[in-house]
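The values are calculated or read from the model by the stated rules, or taken from the named source; none is laboratory data. This structure is a prediction, so every number in the text was calculated from the model and none was measured. All Cβ positions, glycine included, derive from the backbone under ideal geometry; neighbour counts span all protein chains shown. Areas reflect the complete protein model, heavy atoms only, side chains present, ligands, DNA and RNA absent. Shrake-Rupley method; radii C 1.70, N 1.55, O 1.52, S 1.80 Å.
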Amino acid sequence: MDAADVMSDLSEVLYTADEIAERISEVAAQIDEDYEGREVLMVGVLNGAVMVMSDLQRAMTSHVQMDWMAVSSYGSGTQSSGVVRILKDLNTELEGRHVIVVEDIIDTGLTLSYLMSNLASRRPASLEIMTMFSKPEAAEMDVEVKYVGFEIPNQFVVGYGLDYAGRYRNMRDLGILAPHVYA
Ligand code: PRP
């Protein structure tokens, strides 16, 4: 799906599929360079990170592995509570591995702040974060992020893995959802 297919649901297209692909190539090249000689294990957080993981790994020139976690934050509504329940844990032992957690978006930072301390306790050789999008204005927790695709304004965004009520994840572009859709 392209933004053009759902244009009346969007108030703005923030990044086109081409712009996202170009940025992914840059980040992939940076990771290839930074980890030369060390094989990376990328840990994706379902479901949103599926698109970025898939594109990032294919843009890399080195061998890389992947594993997945599924988490759900306790609490109701749209506000993240910061308490995270692991619904699906990794299949891989992290001890001694070079790990990069891959996310579609960091909003408040609460999910990753919990996850990072959880993963760090498994004694990886190194542990870093790559997120496609970050909302600096929404940050409540200070999370150290090594690789950021784009910093975006504090708006309700959809596409490239990000959903509203399960929809729009498969849109290639990143757009701001028009208020009439969720009002
Ligand atoms: C999104 C995103 C992050 C989290 C970021 O996941 O993928 O995991 O929210 O928010 P935070 O920084 O405020 O904690 P979501 O819970 O919407 O699940 P999804 O990936 O299945 O869409």
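Checking every residue in the range 173-183 against the condition of being over 21 Å from residue 87 (Cβ atoms), open to solvent by 30 Å² or more (accessible area, probe 1.4 Å) and hydroxyl-bearing (Ser, Thr, Tyr) gives at least one match. For residue 52, the test of being aliphatic (A, V, I, L, M), outside any helix (DSSP H, G or I) and either open to solvent by 20 Å² or more (accessible area, probe 1.4 Å) or within 12 Å of the ligand (Cβ to nearest atom) (or both) is failed.
When the residues of the range 130-145 are filtered to those that are open to solvent by less than 40 Å² (accessible area, probe 1.4 Å) and either farther than 28 Å from residue 63 by Cα or away from the ligand (no atom under 11 Å from the Cβ) (or both), the one that is farthest from the chain's Cα centre (by Cα) is 138.
Each residue in the range 103-123 was checked for being open to solvent by 10 Å² or more (accessible area, probe 1.4 Å) and either aliphatic (A, V, I, L, M) or touching an Asp or Glu at 6+ places or on another chain (Cβ under 7 Å) (or both), and 8 pass. The set of residues from the range 20-41 being within 16 Å of residue 106 (Cβ to Cβ) and either among the acidic types (Asp, Glu) or open to solvent by less than 10 Å² (accessible area, probe 1.4 Å) (or both) comprises just one member, 27.
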